[in-house]
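**Q** The following block contains the structure, expressed as structure tokens.
The values are calculated or read from the model by the stated rules, or taken from the named source; none is laboratory data. These figures come from a predicted structure and were not determined experimentally. Every residue, glycine among them, receives a Cβ derived from its backbone with ideal geometry; neighbour counts consider all protein chains shown. To get the accessible areas, we keep the full protein, side chains included, count just its heavy atoms, and leave off ligands, DNA and RNA. Shrake-Rupley method; radii C 1.70, N 1.55, O 1.52, S 1.80 Å.
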Amino acid sequence: MNMRRMLILGLLLLTQFMAGCAVNKTDIQGFNLISVAEEKDLGDKFAVEIEKQYTVVNDPELQGYVERVGRRLLTGARSVDFPYTFKVVLDDSVNAFAIPGGHTYVNTGLIKMADSEAEMAAVMAHEINHVVARHGTRQMTQEYGYSLVLQLVLGQNPGLLAQLASQMFGKAGMMSYSRSMESQADYLGVETMYKAGYNPEGMLTFFTKLDSKSASNPSQLARFFSSHPLTAERIQEVRSEIGQLPPKSWQPGDPAEFKRIRAKVSKLVAPPAKPATGTK
Ligand SMILES: [Zn+2]
């Protein structure tokens, strides 16, 4: 570790001690000891592990569709530091997840639960903004320490890399971000949707629907809630942010195309959803 990094690390620890790791939701430039290039390398290594654990759906139409929605969302993101990828994975829990470096995965369960492209895009916009604000590497550095994360970046500990990929993003567990990071991903997600021409009401209708369905189908939704605790306060924050946005005309995507995609996804047979584990 060079002198500059040691100094930054000391400052970071001190700042965290004083601020309790708070995230200002309008600011994406938080302290991060991992460089953009290092995060990209780490993300590429994680993606290899993730794609061993999940089945990536081998259907050019479905993959092309989520890729197109993802690219459109990126036009509304504050920064695009990473070469994002968007893939559908065969998993019926209602979720999407993005790993450091911008590899974004949309579960078949999310497409089945969404009633419109905007609802699916809402969850993708939330996930993209975990990457935009680099929450993954910030959280990892906090949880595991800088030197361990650097070992992973440098490829010095492949066994641990596979284990952490599984614990944090794989089927066995799900990255648990702080509440202020979740709130920031919602905040920036609404902004991203708005700028990309999606009606951000899609986030509100989707969250509200999940909230009302969680009582009747807890196991299918458990993973979404374990990684993204959905509180009344969170829904209210999204509502009030949307209320402050100037009126705009939307390009909602072709409803017939979304229905066709969803029907195709419904025919795919996914392995049973596993209940969430390792949650905090
Ligand atoms: Zn989240």
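Yes/no matrix, rows are residues, columns are (1) in contact with a helix residue (DSSP H, G or I) (Cβ under 9 Å, 6 or more places away or on another chain); (2) more than 14 Å from Ile28 (Cβ to Cβ); (3) surrounded by 22 or more Cβ atoms within 10 Å (Cβ to Cβ):
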residue	(1), (2), (3)
Val132	yes, no, yes
His135	yes, no, yes
Tyr146	yes, yes, no
Gln151	yes, yes, no
Leu160	yes, yes, no
Ser180	no, no, no
Val190	yes, yes, yes
Tyr194	yes, yes, no
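**Q** Further, regarding this structure: When you scan the range 125-144, do you find a residue that is farther than 15 Å from Pro100 by Cβ and free of Cβ contacts under 8 Å to residues at least 60 places away in the same chain, even just one?
**A** No - not one qualifying residue is present in the range 125-144.
**Q** Go through the range 40-93 and count every residue that is open to solvent by less than 30 Å² (accessible area, probe 1.4 Å) and within 15 Å of the chain's Cα centre (by Cα).
**A** 16
**Q** Considering only helices (runs of 4 or more DSSP H) fully contained in the range 118-170, which possess at least 3 residues that are within 16 Å of the ligand (Cβ to nearest atom)?
**A** Fully inside the range 118-170 and qualifying: 135-144.
**Q** At pLDDT 90 or above and either over 16 Å from Ile34 (Cβ atoms) or under 16 Å from the mean Cα position of the chain (by Cα) (or both) - does that describe any residue in the range 172-181?
**A** yes
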